[in-house]
1. Residue under question is A:N79, and the condition is that it be open to solvent by 30 Å² or more (accessible area, probe 1.4 Å) and more than 9 Å from chain B (Cβ to nearest Cβ); does it hold?
2. Spot the failing condition for A:Y72; the list is (1) in a loop (DSSP other than H, G, I, E, B); (2) out of contact with any Pro (no Cβ under 8 Å at 6 or more places or on another chain); (3) surrounded by 14 or more Cβ atoms within 10 Å (Cβ to Cβ); (4) of a type outside the set (A, V, I, L, M), and only one is missed.
3. Cβ-Cβ below 9 Å, separation at least six or inter-chain, first residue in the range B:86-112 and at positive phi and buried (at least 23 other Cβ atoms within 10 Å of the Cβ), second modelled with pLDDT of 80 or more and not in a strand (DSSP E or B): which pairs?
4. Starting from the range B:25-51, keep only residues that are at the interface with chain A (Cβ under 10 Å from one of its Cβ atoms), then list their pairs with residues that are aliphatic (A, V, I, L, M) and open to solvent by 30 Å² or more (accessible area, probe 1.4 Å) whose Cβ atoms are within a distance under 6 Å, requiring at least 6 positions of separation or different chains.
5. Quick test of your reading of the structure: A:W34 fulfils all but one of (1) touching a residue at least 40 places away in the same chain (Cβ under 8 Å); (2) in contact with a Ser or Thr (Cβ under 9 Å, 6 or more places away or on another chain); (3) assigned to a loop (DSSP other than H, G, I, E, B). Name the failing condition by number.
6. Name the residue, out of A:Y89, A:Y49, that is without any contact (Cβ under 8 Å) to a residue 40 or more places away in the chain and open to solvent by less than 40 Å² (accessible area, probe 1.4 Å).
7. Quickly run through the range B:48-64 and pick out the residues that are polar (S, T, N, Q) and crowded, with 16+ Cβ neighbours inside 10 Å.
8. Identify, please: which residue in the range A:8-46 is exposed (fewer than 13 other Cβ atoms within 10 Å of the Cβ) and aliphatic (A, V, I, L, M) and is, among those, modelled with the lowest pLDDT?
Amino acid sequence: DAGVTQSPTHLIKTRGQQVTLRCSPKSGHDTVSWYQQALGQGPQFIFQYYEEEERQRGNFPDRFSGHQFPNYSSELNVNALLLGDSALYLCASSLEAGGANSPLHFGNGTRLTVT
Amino acid sequence: DAKTTQPPSMDCAEGRAANLPCNHSTISGNEYVYWYRQIHSQGPQYIIHGLKNNETNEMASLIITEDRKSSTLILPHATLRDTAVYYCIVRVGAGANSKLTFGKGITLSVRP
């Protein structure tokens, strides 16, 4: 039973560029959430996708956008990269039907470095 | 959002029980207590969660006080591989509004 998988594992981009990160949820899960984790900090919620729609969002600018596909996989896009976007980007999946009683399962993240 | 308070760090000897405390005095009746841990450079790993009753699984036990204002995560026989940052989280909302809000966590160091 595959867990949450993310690609790529590491990425280096230049300021102003755009980046796309990918996530495949745990088998049987239908909800995907994205988190940003800066060095030395806890993960911060970016947004959540269910039924191919963004249904809640954290305090992140519109440069951060996403998409969920019919197979429940998801992409995170960041435009006009800033040095401060350097972080570990985490994807988590869960089962909507379980509500708050359904644990989120995390992937090991994509380490993005912006130079 | 109901917030949690954890000491910044603690240590314990290998083979002994590690008891990690968490305060969540503003928790609401329908909010779950979740515990995750994160080993350096990996994603957070789910450990256990509970609503009112004590819970146990193959990794740990979760003891929630009767008033639900605090909880303790117990690792019964800590090993060096249990060295990690442990996050106690109150899960806010339900369904579409449910998310995890991470604090700074507690760094557990298991010494040989």
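1. Here the answer is yes, as A:N79 does meet what is asked.
2. Of the numbered conditions (1) in a loop (DSSP other than H, G, I, E, B); (2) out of contact with any Pro (no Cβ under 8 Å at 6 or more places or on another chain); (3) surrounded by 14 or more Cβ atoms within 10 Å (Cβ to Cβ); (4) of a type outside the set (A, V, I, L, M), the odd one out for A:Y72 is (2).
3. Correct list of pairs: B:G105/A:G42; B:G105/B:Q6; B:G105/B:P8.
4. B:Y32/B:L51; B:Q38/B:V85; B:I47/B:M59
5. Status for A:W34: all satisfied but (3).
6. Details: A:Y89 fails: without any contact (Cβ under 8 Å) to a residue 40 or more places away in the chain.
Selected residue: A:Y49, the only one of A:Y89, A:Y49 that is without any contact (Cβ under 8 Å) to a residue 40 or more places away in the chain and open to solvent by less than 40 Å² (accessible area, probe 1.4 Å).
7. Of all residues in the range B:48-64, those polar (S, T, N, Q) come to B:53-54, B:56-57, B:61.
B:S61, the sole residue that qualifies.
8. My answer is A:L39.
The values are calculated or read from the model by the stated rules, or taken from the named source; none is laboratory data. Everything numeric here is computed off the predicted structure, so don't read it as measured data. Here Cβ is always computed from backbone atoms with ideal geometry, including for glycine, and neighbour counts include all displayed protein chains. Ligands, DNA and RNA are stripped out before the accessible areas are found, and what is left, the full protein with its side chains, is counted by its heavy atoms. Shrake-Rupley method; radii C 1.70, N 1.55, O 1.52, S 1.80 Å.
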